[in-house]
Structures are given as structure tokens and as C-alpha cells.
Amino acid sequence: MGKALIIGCGGVASVAIHKCCQNSEVFEEICIASRTKSKCDALKEKLESTTKTKIKTAQVDANKVDELVALIEQEKPDVVLNLALPYQDLTIMDACLATKTHYVDTANYEPEDTAKFEYSWQWAYRERFEKAGITAVLGSGFDPGVTGVFSAYALKHEFDEINYIDILDCNGGDHGYPFATNFNPEINIREVSANGSYWEDGHWVETKPMEIKRVYNFEEVGEKDMYLLHHEEIESLALNIPGIKRIRFFMTFGQSYLTHLKCLENVGMTSIEPIMYEGKEIVPLQFLRAVLPDPASLGPRTKGKTNIGCIFQGKKDGKEKTYYLYNICDHQECYKEVGSQAVAYTTGVPAMIGAMMVMTGKWNKPGVHNVEEFDPDPFMDALNQWGLPWRENFHPVLVD
Ligand code: NDP
């Protein structure tokens, strides 16, 4: 079918690349390009004898538009799959515009010097992408990503109107460390130490970090504390789901994680303000990242399951209805299959599927769009086929 250029070669990219290599009919060729080329070469060496997909590698600084443009012109991919960090979203989108190449990512743009998550920067490219005749798919991970596809599916098949969405992200995995993050520590800590917020009756309601706590009994995981967080898909779903009254996002955290995080915050280690240390400017959070376990190393140690999904409440044929769509994923099964834990797996699989939707033309809508703006059906089929089968519950316990 075609060729994808994958930018970044960390935890999420490694899963997406394994999955592209399992799906050689669509991904006949891939080029893996990242800041550290040796990581791309190591993955190529591991995979090339196991797949028909032709693998190339390249070095690129994705902060530099001219380097990206040169690479895209050289490789001529059908789609660019951005699995670097959210800081690089805009430079990669600029390069896609300059070369008229489709774009897919998993996280919305964040300026490096402010922990602020919103789509405004990327939505500002809508008209330019539309005029160039290219499609940008924003947020094709699990959350955002599958949660948006679940919402579009629920609206298409189960409801006339959705009024309430609760997104529940439970990681019941245990890696045995007192404190470690399951994906890039810098991005993860910026996300969880920010104020919480939810969407209600047409406006944002802001909360203090971890201010709202609920307990939920997750299938195949058990009872967990979960906390309300701001999360980026709330912003797009509030626009794209007509009739919506409230959207909340909850994530589970264990007590050890929260106690360590509070302590690190209290001593200033989670700050993104640069400080001078022995004559050199350092950012405390980036230093912290350097001393924490690399999420990519958690695979062999993590046991347990993730359970992530959406509880919908709304109306069908004039009657009130509730519906829970979710996926359960086993850390050790993921590790056996692709050498990564389930958090990277549940993000990397939908990233591959998003790129596949664009390459096969199933999702083709010039402009800049969030996943819920496309037909959910081929994506939902692909989730079942490529390792993230979904489950339904028509009588879920609701979150108060
Ligand atoms: P990692 O830190 O493991 O990997 C990031 C990769 O990007 C690394 O290979 C890194 O290179 C590369 N990179 C960073 N800066 C540059 C640059 N300037 N130029 C080229 N390459 C660069 O992160 P994860 O794999 O954990 O996360 C990847 C993305 O997935 C993030 O945007 C994250 O927010 C998102 N995500 C989305 C989720 C979802 O459900 N939607 C869930 C989890 C993550 P190097 O190896 O040299 O450092």
C-alpha cells in the first residue's frame, strides 16, 4: 500500500513500529527518524528479519522545520506519524504543509516553557491544511484517541443524543518501583501536576490538582482511587458531540505515586522554570526525568492490567440510556508480544491504526481534525484486529 515516516523512537513509537511491521500489506515501507539515530537502528535490527516491511532509519531534529522538510522530500512518505514529544507538533505540521503530506499525532501541542494543553495552536492550521488538500488527524493514541473514537461510535450506533461522558483511565499495573511514570516522565508530570478541569453546561470548571477523588471498581483490576484531571480530548469532544452537558476525565493513582509527587513538588523538582546549577542552566523537571526509570524499561517488570474506557449517558428513542465502552489490556501480554508495557501498547496500537486510516483513504478529510470527526467503524474494527478488542456494558455503575 504505502510508506509512513515515523518521527520519534521512544516507548510509544516502538509499539507503533512493531505494529506497522505486523501490518506489512499497508505499511510496505517505514522510515524511523529520531533525534538519536542509534535507537532507530537498534529497532530496525530487531525487526527486519521478522517482517516484509522495508525499514529505513534517519536522524532528525524535529524542532527544525528545514531538516524535517528535507527528510520528507527525500523519503516521500504517504503520511507522517508524529511520535516525538508534544513540543514538536507545530514544526512537524509546518513541514507537512510545506511538502503536502498527511499528518497524524497522539498528543496536542504544548509550548515547552508553559504547561498548557489546548488545541488552539493546532486548530489554527485548519484552513491551510484544507487548502493544501492534506489531512491532519490529531490525538490518535488511547486517551486522546480511542476515547474519541468510542464517543463517535456511541453517538453513531447507540444514542440519539449523548449528555454525559466520563472517561475512566485505570492502570492497575505494578512495576515494583516506589515512583516511576508509564510514559515520558516530563510530559506525564506536567499533566498530573496541572490544575484539573471538566466541561459542564458550556464552560470549563477548574479544580485544584487531585481535588476531586472517586473510587471505582474496575473489571479485572478491582477497586481503585481515581482523580479528576484536565485532559485534552474534553476540549474537542465538547465541540464535536452535540447536546453534551458534562465531560469529565478520571485517572487512577496509587498512594505511593501521589506521596512521591507531592514531595517532589514541595522541593521544587517538578518545576519547569530554568535554574542555574554550577554555572549551567537546567530545568528541574528535565533533571528529574533523567534520574527516573526510563518508561521503556518498565516492560519486563510491570504486572497487572489497564482498563480504559468511556461511560456514556444520554437518550435513545426518547428513553434514558447508559453505555460503557472499554478495553482491558494485560501488561505482561503486551510485553510478550512487542517488548513494552500496556501504557505504551494502548497508545502505539491506535497510532498505527490512525496512520493506517489515512494511508488506506478510509479517513480522508482535508483540514485538521480530531479523531471523533471521522467514521469510527473502520477504526473500531481495526482495534479488534490489532490487539485492543473493546467490550460493552449496557448497565455500568455510574460515577457520582
Ligand atoms: P519518549 O520520551 O519515550 O519518546 C519520545 C521520542 O521522541 C524519543 O525517541 C526522542 O528522542 C524523540 N524526540 C524528542 N525530541 C525530539 C526532537 N527534537 N527531534 C526528534 N526526535 C525527538 O515518549 P513516549 O513514547 O512515552 O511518548 C511519545 C508521545 O506519545 C508523547 O507526545 C506523549 O505525550 C504521547 N502519549 C500519548 C498518549 C495517548 O494516549 N494519547 C499516552 C502516552 C503518551 P531521544 O530518544 O533522542 O530522546
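A short reminder: the numbers here are calculations on the coordinates, not readings from a lab. Predicted model, so just to flag it, every value in this text is computed and none were measured. Please note: Cβ atoms are built from the backbone with ideal geometry, for glycine as well, and neighbour counts cover all protein chains shown.
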Here is the link list: Lys305/Lys336; Lys3/Lys362; Lys39/Lys224. Which ones come out longer than 24 Å on Cα distance? Lys39/Lys224
Compute the distance in nm between two label points, each set 7 Å from the Cα along the Cα-to-Cβ direction, one at Lys245 and one at Val291. 4.9 nm
What does the extension gain come out to for Gln74 and Lys56, with contour length at 0.36 nm per residue minus their alpha carbon separation? 5.3 nm
Would you please give the FRET efficiency between Ala42 and Lys319, computed as 1/(1 + (r/R0)^6) with r the Cβ-Cβ distance and R0 = 60 Å, to the nearest 0.05? 0.60
Normalised per residue, the volume inside the convex hull of the alpha-carbon atoms of the chain in Å³ amounts to 135 Å³
Size of segment 128-286 as Cα extents on the principal axes (Å, biggest first): 59, 47, 29
As an exercise, use a Förster radius of 51 Å and the Cβ-Cβ distance of Glu392 and Thr114 to find the FRET efficiency, rounded to the nearest 0.05. 0.80
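Rounded to the nearest 20 Debye, what is the dipole magnitude of the chain about its Cα centre when Lys and Arg each give +1 and Asp and Glu each give -1 at the C-beta?
620 debye
Out of the DSSP beta bridges found with both residues in the chain, what percent are antiparallel (nearest 5)?
On the way: 46 of 79 bridges.
Within the chain, antiparallel bridges account for around 60 percent of the total.
FRET efficiency for His157 and Asn266, Cβ-Cβ distance as r, R0 = 60 Å, nearest 0.05?
Computed FRET efficiency for His157 and Asn266 comes out at 0.80.
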Rounded to the nearest 20 Debye, what is the dipole magnitude of segment 2-138 about its Cα centre when Lys and Arg each give +1 and Asp and Glu each give -1 at the C-beta? 360 debye
Counting residues in segment 71-125 as N, plug N into 2.2 N^0.38 Å and put the Cα Rg over that result. 1.14
Checked segment 2-138 with the C-alpha gyration tensor, a ≥ b ≥ c its square-rooted eigenvalues, rounded below a/c of 1.5, otherwise prolate if a/b is larger than b/c and oblate if not; verdict prolate
Mind checking the dipole of segment 124-179: about its Cα centre, +1 per Lys or Arg Cβ, -1 per Asp or Glu Cβ, Debye to the nearest 20? 420 debye
Least to most buried among Tyr216, Tyr87, by other C-beta atoms within 10 Å and fewest first, runs Tyr87, Tyr216
Expressed in angstrom and rounded, the centroid-to-centroid distance over alpha carbons for segment 199-266 and segment 341-371 is 24 Å
List the pair-distance distribution P(r) of segment 138-213, using every Cα-Cα distance, as the percent of pairs falling in each 5 Å bin from 0 up to the bin containing the longest distance, rounded to whole percents. 3, 10, 15, 21, 23, 14, 9, 4, 1, 0
